[in-house]
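Colleague: Encoded as C-alpha cells, here's the structure I'll be asking about.
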Amino acid sequence: MTKSRSRKLAFIHKWQRILRLGDWKITYEEKAWPHKTYSGRTRFDRNEMMAVVNIRKGMTAEYWRITVVHELMHLRIPFFFPKDSWAEQELERGVEMTARALLKLEAKR
Ligand SMILES: [Zn+2]
C-alpha cells in the first residue's frame, strides 16, 4: 500500500469514528471520472453494512477531504426513495454544508 493510500484510509477511518459509522465496513476506490461529472459516489449494502466510497482522481487535497466526509455523511443521511429532483438537490446541499461545517469544527479541536 502506498503512503498516500494509507494516509487516505486513515482519514476515512478517522471520519468513520467521528460519524459513528463503526459498524460499517468501508472501502475506498479512486475513479477516473471526467472533470465536472462526479466528485464522489458511494455504493452501499445496508444489510451487509458494507460501503464503497468512490472519489474522483486528481482532486486537490482539501476538496478530496470535503468529498470524503460528504460521501460518508450519505451513510448517516441516506437517500430516500422515491426521490424527486428538488429533494435530491436539497439533500445534496444539506449533506455538503454539514460536511464542510464538521471539517471546520474538527480542524479547531
Ligand atoms: Zn452527495
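Colleague: Check Val95 against each of (1) assigned to a helix (DSSP H, G or I); (2) touching a residue at least 12 places away in the same chain (Cβ under 8 Å); (3) out of contact with any His (no Cβ under 7 Å at 6 or more places or on another chain); (4) under 23 Å from Phe11 (Cα atoms) and name the one condition it does not meet.
Modeller: All conditions are met except number (3).
Colleague: Pick out the one residue from Ala107, Ala99, Ala87, Ala51 that is loosely packed, with under 14 Cβ neighbours inside 10 Å and under 22 Å from Arg7 (Cα atoms).
Modeller: Ala107 is the lone residue from the list that is loosely packed, with under 14 Cβ neighbours inside 10 Å and under 22 Å from Arg7 (Cα atoms).
Colleague: Give just the number: which of (1) within 10 Å of the chain's Cα centre (by Cα); (2) touching a residue at least 40 places away in the same chain (Cβ under 8 Å); (3) within 16 Å of Leu103 (Cα to Cα) does Val53 not satisfy?
Modeller: Of (1) within 10 Å of the chain's Cα centre (by Cα); (2) touching a residue at least 40 places away in the same chain (Cβ under 8 Å); (3) within 16 Å of Leu103 (Cα to Cα), only one is false for Val53: (3).
Colleague: So, in the stretch 40-54, exactly how many residues are over 17 Å from Phe11 (Cα atoms) and either of a type in the set (Asp, Glu) or in contact with a helix residue (DSSP H, G or I) (Cβ under 7 Å, 6 or more places away or on another chain) (or both)?
Modeller: Number satisfying all stated conditions: 3.
Colleague: Another one. Which one of these is surrounded by 14 or more Cβ atoms within 10 Å (Cβ to Cβ), touching a residue at least 12 places away in the same chain (Cβ under 8 Å) and touching a strand residue (DSSP E or B) at 6+ places or on another chain (Cβ under 9 Å): Tyr38, Tyr28?
Modeller: Tyr28
Colleague: While we're on this one: Within the stretch 69-109, how many residues are within 12 Å of the ligand (Cβ to nearest atom), over 23 Å from Asp23 (Cβ atoms) and of a type in the set (A, V, I, L, M)?
Modeller: Total satisfying the criteria: 1.
Colleague: Could you go through the stretch 55-65 and let me know if any residue there is within 16 Å of the ligand (Cβ to nearest atom), out of contact with any helix residue (DSSP H, G or I) (no Cβ under 6 Å at 6 or more places or on another chain) and more than 24 Å from Met1 (Cα to Cα).
Modeller: no
Quick note: the coordinates plus some simple rules give every number you see, no bench work behind them. Everything numeric here is computed off the predicted structure, so don't read it as measured data. Don't worry about glycine lacking a Cβ; one is built from the backbone with ideal geometry, like all the others, and counts go over all protein chains shown.
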